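Working notes, structure below.
Please treat every number below as a calculation from the coordinates, not as lab data. These numbers were taken from a predicted model, which means no experiment stands behind them. Neighbour counts run over all protein chains shown; Cβ positions are idealised from the backbone, glycine included.
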Amino acid sequence: MRFLPRAYRDGGLLTWRHLSTLVGLNLIWIVLAWTVILAGPATLAAYAMIATLREDRPADLRRYPALLVQNLLPGVLWLVSVAVFAFLVYSNLVYWRRVLEPFGDAVVSLLAVYLTWLFVALQPYLLEALSVERRPFLRAWRPAFLGLARSPVSAHLYVLVPVVLGVVGYLTRTFGLVVLVSLGLVFAATQVRPLVEQDEPPEPSLDPPEEPSPA
């Protein structure tokens, strides 16, 4: 497995260790996302709990309501930013494809695809800045872009995770309802920071202590 990027390895290990917690988080997210307005805060709250698991600390689902309230405003703003980006890309793509010749149409389509890819690659760092570092919404974008600039290759490779999960979720609806969103957030969290492995305390020795030798 060493040939895989670190974020893929850490994300798979984190999923294996905490699958039941991830299923619980995903089900809570689905219930809240039906309101639409709470989809953003629910995403940030779930990411904060997964970041706790990443640091090898227990994540108590009873903390979720407090995290939801804490991330209410930044979560709504984050959701609005996603909606605005999607609207701008879609509207510009529709407009320019009507005006330009076939070659220009292809160029605009490729540009829209790459900008969308770049925007998705930015999300792990933005979620980290908003929900874990607790930065104000506007100030969270600078560290997010800096994080993307520091690891451009792995950040672009991360986008394959939500793409694959989206395809699998589309083909298997039950899987998507159970754990799809949590899995995407797990790999986002391990993309930003590596999985922490706490050192186990040394086992007590059964041998009697050595007596000091006489001088």
Residues E101 and R63, FRET efficiency given R0 of 35 Å [Cβ-Cβ distance, rounded to 0.05]: 0.05
Within-15-Å neighbourhood charge of L126 [Cβ basis; K, R +1; D, E -1]: +4
The chain: relative contact order in percent, alpha carbon pairs under 8 Å with at least 6 residues between: 32 percent
Principal-axis tilt of helix 160-171 within the chain, Cα atoms, nearest 10 degrees: 70 degrees
Most positive-pole-ward Cα, F137, L110, F87, against dipole of the stretch 21-142 from beta carbon charges: F137
T116-W16 FRET efficiency (beta carbon distance; Förster radius 25 Å; 0.05 resolution): 0.25
Where labels lie 7 Å past Cα in the beta-carbon direction, separation of V84 and R6 in nm: 3.3 nm
Rg in Å to one decimal, and Dmax rounded to a whole Å, for the stretch 86-191 via C-alpha atoms: 16.2, 46
Theoretical FRET efficiency, 1/(1+(r/R0)^6), r = Cβ-Cβ of E55 and H156, R0 35 Å, to 0.05: 0.85
Correct option for Cα extents along the principal axes in Å [calculated from the coordinates] among (i) 96, 38, 37; (ii) 91, 30, 21; (iii) 66, 41, 30: (i)
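What is the magnitude of the charge dipole of the stretch 1-143 about its Cα centre, with +1 placed on the Cβ of each Lys and Arg, -1 on the Cβ of each Asp and Glu, and no other charges, expressed in debye to the nearest 20?
Dipole magnitude for the stretch 1-143 comes out near 280 debye.
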